[in-house]
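The values are calculated or read from the model by the stated rules, or taken from the named source; none is laboratory data. These numbers were taken from a predicted model, which means no experiment stands behind them. Cβ sites come from the backbone with ideal geometry, for glycine too, and all protein chains shown count toward neighbours.
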Amino acid sequence: MTTYKIEAGTAQHIGNRPQQNDRVALMTGARAPGYVLAVLSDGIGGSAGSEQVLHTARQVFDEFKPGDHPSLERIGELLREIVGETHLVMKMNAVMGKGNEQVEAHASFVGLVLTPHREAVWAHVGDSRLYRFAEGKCLTRTNDAAYIEHLVSSDRLPEEAARNHRKSKLLLNVMGNSRKEPHVTIGSHTGLAPGDAFLLCTDGLWHFFTDAELGAATHKATPRQASEMLINKAAERSQGKGGNCTMAIVKLVKPAQDGVAPRVARPV
């Protein structure tokens, strides 16, 4: 039996950009009672890529049949499947632009699955991030370290070239890139308890905060209050030059009564 309930919400701000290319959603599984999926994506050059991420995630998660107690590896494969199918569709849907140049939709990905067995599994592609907090302290944060190691070991690139991968279309770690398969980083945590929290966010948010600031904000407030505070502070710190800002906050809190089942609060 779980010893917590789930409070969760999403929030967005367009920043100073002409359109909102980020997408975020919280989902429950049609065939997986008690399982929750949070998905966030930053569309590059438009929203087509991030829209496809959410569409594929819904399809794959609705087909997921966990059984009695699936392994963490199986849940990780579920997230890999979302990334792989999205990447394939995006490559197939590339169009020809001016000068017969192929125009591709690209997108980042962060996905988080919470199970009814007090487990969390997450996956990450690109420069959007996932943070795991315990009582406001940041214990895990996704980054590019694993991808840089992958480029050095698999592609035999010099470390300096690998660290500059964002400057190269060939090396950019995104879904939809016909030149490069996305590198998926998987993480997990067991023994979830009240006081644990997760933040999924695009670079339009994390760029303006320290880990400690994000942990304090999510710990001291409800997901709705925290998201409003963080968006307002990001807008202030960007001085009117911030980009799209998107997040999902998932908190585990003590239930009002023993035995209360986990639930997902209405998104912001």
Q | Residue among A107, A120, A48 that is more than 23 Å from Q12 (Cα to Cα), buried (at least 19 other Cβ atoms within 10 Å of the Cβ) and of a type outside the set (F, W, Y) | A | A120
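Can you tell me which residues in the stretch 121-143 are aliphatic (A, V, I, L, M) and touching an Asp or Glu at 6+ places or on another chain (Cβ under 8 Å)?
A134
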(Q) Out of the residues in the stretch 67-110 meeting the condition of being closer than 17 Å to N177 by Cα and in a loop (DSSP other than H, G, I, E, B), tell me which one is modelled with the highest pLDDT. (A) S108
Q: Evaluate the stretch 51-66: report whether one residue or more is in contact with a Lys or Arg (Cβ under 9 Å, 6 or more places away or on another chain), under 25 Å from A235 (Cα atoms) and modelled with pLDDT of 95 or more.
A: yes
Q: Name, by its number, the condition in (1) at pLDDT 95 or above; (2) touching a Leu at 6+ places or on another chain (Cβ under 9 Å); (3) not polar (S, T, N, Q) that does not hold for A216.
A: (2)
Q. F61 is checked against (1) outside any strand (DSSP E or B); (2) closer than 27 Å to K251 by Cβ; (3) over 16 Å from the mean Cα position of the chain (by Cα) and fails just one. What number does that condition carry?
A. (3)
Q. Restricting attention to the stretch 196-241, and to residues there that are without any contact (Cβ under 8 Å) to a residue 24 or more places away in the chain and among the charged types (D, E, K, R), which single residue is farthest from S108 (Cα to Cα)?
A. E236
Q | the stretch 219-260, subset under 18 Å from the mean Cα position of the chain (by Cα) and in a loop (DSSP other than H, G, I, E, B), residue modelled with the lowest pLDDT | A | G243
(Q) Going by what's in this entry, would G76 be described as out of contact with any helix residue (DSSP H, G or I) (no Cβ under 9 Å at 6 or more places or on another chain) and small (G, A, S)? (A) yes
Q) Across the stretch 1-37, what is the number of residues that are in contact with a Gly (Cβ under 7 Å, 6 or more places away or on another chain) and among the small types (G, A, S)? A) 1
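Kindly evaluate F64 against the criterion of being among the aromatic types (F, W, Y) and closer than 25 Å to N177 by Cα.
Taking the combined requirement at face value, the residue does not satisfy it.
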Q: Restricting attention to the stretch 111-158, report how many residues are assigned to a helix (DSSP H, G or I) and in contact with a strand residue (DSSP E or B) (Cβ under 6 Å, 6 or more places away or on another chain).
A: 1
